[in-house]
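Worksheet: the structure to be examined is printed underneath.
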Amino acid sequence: MEKRELVIIGAGPAGLTAAIYGKRAGLDVLLIEKGVPGGQINITEEIENWPGVQHATGPELGQMFRSHAEKFNTEFRDADVQRIEIRDDRKIVVTNKEEIEAEAIIYATGAFFRRLGCEGEAEHIGQGVSYCAVCDGAFFEGEEIAVVGGGNSAVEEGDYLTNFASKVYIIHRRDEFRADRAAIERALSNPKIVPVWNTVVEKIEGDGMVENLVLRNQKTGETSDLPVAGVFMFVGQSPHDEAIKGLVKAAKGGWIETNDEMETSVEGIFAAGDVRTKGLRQVVTASADGAIAAMSASAYINEQVHLRKTLLEPENVVALFYSSIDREQVKMADDAAARAEKEGKKIVLIDGYRNERMSRKLHLDTLPAMVHLGSGVVKDVKSISSVEDALAFVKKN
Ligand SMILES: Cc1cc2nc3c(=O)[nH]c(=O)nc-3n(C[C@H](O)[C@H](O)[C@H](O)COP(=O)(O)OP(=O)(O)OC[C@H]3O[C@@H](n4cnc5c(N)ncnc54)[C@H](O)[C@@H]3O)c2cc1C
């Protein structure tokens with residue numbers, strides 16, 4: 001089976017940034033993408049909040065990201081990842097074409113906005129139909145626009161959009177919002193917001209850009225026109241978690257949980273970008289996640305390679321696990337190694353604090369501790385409190 005150091009799944013801003021950082025860190029990187037590199041930004045007309053580029057179309061920015069990753073010789077592969085499996089402690093990426101074993105994986109498959117599904121929606125995306133107020137609100141300065149939805153996103157984003165628009169109609173199929181009370185009060189006291197109750201959008205019309213919405217009142221069945229320059233859909237967003245569902249810890253809705261290092265609940269699997277739990281889903285935050293994930297993956301891979309070579313592969317090895325944040329333990333470890341060497345023995349020193357995962361794997365509950373391993377199998381373990389304890393353990397083993 002093909003074996004790679006770092007496999008990144010998804011070539012959106014998170015995955016492409018991770019590839020750049022991974023390659024610059026000297027890793028062997030494989031970037032798998034099932035569609036067009038660039039990710040979601042490929043379907044937006046304008047991006048004007050990526051620092052350093054005052055204006056670009058989404059596809060232009062996506063192409064710039066791709067070229068940048070190519071400059072560092074990132075290997076791209078066109079495949080659809082179906083699932084990630086853990087087999088005998090090995091991480092296997094199963095695509096529609098092959099299986100690849102990875103030392104570390106960055107899962108950066110992004111998210112998608114649920115569509116309303118009405119006539120005219122798909123052809124007006126990026127032409128007045130939007131799913132992101134932070135991304136596109138500024139394009140509607142002084143215009144009348146509509147928001148569809150009745151939950152927190154619709155009400156809060158509707159309120160935010162009044163910073164630009166002269167009027168914001170919030171179209172909701174029920175006769176009251178489902179948002180927090182404070183958000184509802186704020187929105188309803190905003191003179192620029194006009195709720196349109198018991199109403200659904202039947203059709204979005206416009207020659208090129210959005211010009212009109214055809215509405216239907218759910219109670220009376222009557223249809224009417226609402227001329228607007230844009231419509232924001234807030235009917236939900238979901239992660240592309242299909243290939244990792246059930247393997248890592250996730251929050252409600254499937255959003256992957258990570259810590260600040262982008263580590264998921266499974267060792268060696270990292271998540272970055274829109275697919276994870278976070279407050280702001282944007283290009284800049286996805287890229288930042290990608291950079292952090294790549295550096296964490298690099299540290300993880302180096303740690304694994306080092307530990308394999310020094311600890312798990314040799315036929316016979318005695319190691320002292322110590323904590324690098326405890327000065328006494330650092331001194332004890334150095335002294336023990338030096339004295340053992342004088343006696344013609346070798347103690348491998350491992351920072352058990354930084355290599356916490358390995359300490360846990362070897363069941364070292366307290367540090368400092370001695371371990372005797374033979375080809376990766378634990379033969380003896382002992383907690384110690386002095387250099388003499390360490391030397392006695394070496395002699396015994
Ligand atoms: C219409 C629109 C306008 C936007 N405008 C802006 C804006 O102006 N400014 C801004 O900052 N943000 C904007 N955003 C948000 C921004 O695009 C996202 O936050 C960002 O793209 C997230 O990056 P990502 O890498 O996490 O995911 P994505 O961009 O979603 O990339 C994920 C990639 O993974 C691939 N993938 C998914 N599953 C698999 C699989 N199983 N196997 C292989 N590949 C897979 C996908 O094909 C995709 O290319 C906009 C989003 C939309 C939809």
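The values are calculated or read from the model by the stated rules, or taken from the named source; none is laboratory data. Small disclaimer: the values here were computed from a predicted structure and weren't measured. Reconstructed Cβ throughout: ideal geometry from the backbone, glycine too, with neighbour counts over all protein chains shown.
Yes/no per residue for (1) of a type in the set (Lys, Arg); (2) surrounded by 15 or more Cβ atoms within 10 Å (Cβ to Cβ):
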position	(1), (2)
Glu46	no, yes
Gly62	no, yes
His68	no, no
Lys97	yes, no
Ala104	no, yes
Cys118	no, yes
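Taking the numbered list (1) in contact with a Phe, Trp or Tyr (Cβ under 9 Å, 6 or more places away or on another chain); (2) within 24 Å of Ser224 (Cα to Cα); (3) among the hydroxyl-bearing types (Ser, Thr, Tyr) in turn, Tyr169 passes all entries but (1).
Looking only at the range 109-116, decide whether some residue is of a type in the set (Gly, Ala, Ser) and either closer than 30 Å to Ser153 by Cβ or not assigned by TED's automatic domain parsing to the domain that holds Ala286 (or both). Yes: one or more hits.
As a summary of the residue check, Asp80 satisfies the conditions (1) buried (at least 18 other Cβ atoms within 10 Å of the Cβ); (2) within 7 Å of the ligand (Cβ to nearest atom); (3) of a type in the set (Asp, Glu) except for the one numbered (1).
Name every residue in the range 48-57 that is of a type outside the set (S, T, N, Q) and either surrounded by 21 or more Cβ atoms within 10 Å (Cβ to Cβ) or free of Cβ contacts under 8 Å to residues at least 24 places away in the same chain (or both), in order of residue number. Full working, then the answer.
Step one: list which residues in the range 48-57 are of a type outside the set (S, T, N, Q), which gives 48, 50-53, 55-56.
Scanning the range 48-57 gives Gly52, Val53, His55, Ala56.
Among the residues of the range 251-281, the ones that are in contact with a strand residue (DSSP E or B) (Cβ under 9 Å, 6 or more places away or on another chain) and within 23 Å of Val53 (Cβ to Cβ) come to 4 in all.
Among the residues of the range 1-27, those that are within 6 Å of the ligand (Cβ to nearest atom), out of contact with any strand residue (DSSP E or B) (no Cβ under 7 Å at 6 or more places or on another chain) and in a helix (DSSP H, G or I) comprise Pro13, Ala14.
Considering every residue within the range 28-35, establish whether at least one is away from the ligand (no atom under 13 Å from the Cβ) and either surrounded by fewer than 21 Cβ atoms within 10 Å (Cβ to Cβ) or among the β-branched types (Val, Ile, Thr) (or both).
We begin by selecting, within the range 28-35, every residue away from the ligand (no atom under 13 Å from the Cβ); these are 28-29.
Then drop every residue that is not either surrounded by fewer than 21 Cβ atoms within 10 Å (Cβ to Cβ) or among the β-branched types (Val, Ile, Thr) (or both), which leaves 28-29.
Checking the range 28-35: at least one residue is away from the ligand (no atom under 13 Å from the Cβ) and either surrounded by fewer than 21 Cβ atoms within 10 Å (Cβ to Cβ) or among the β-branched types (Val, Ile, Thr) (or both).
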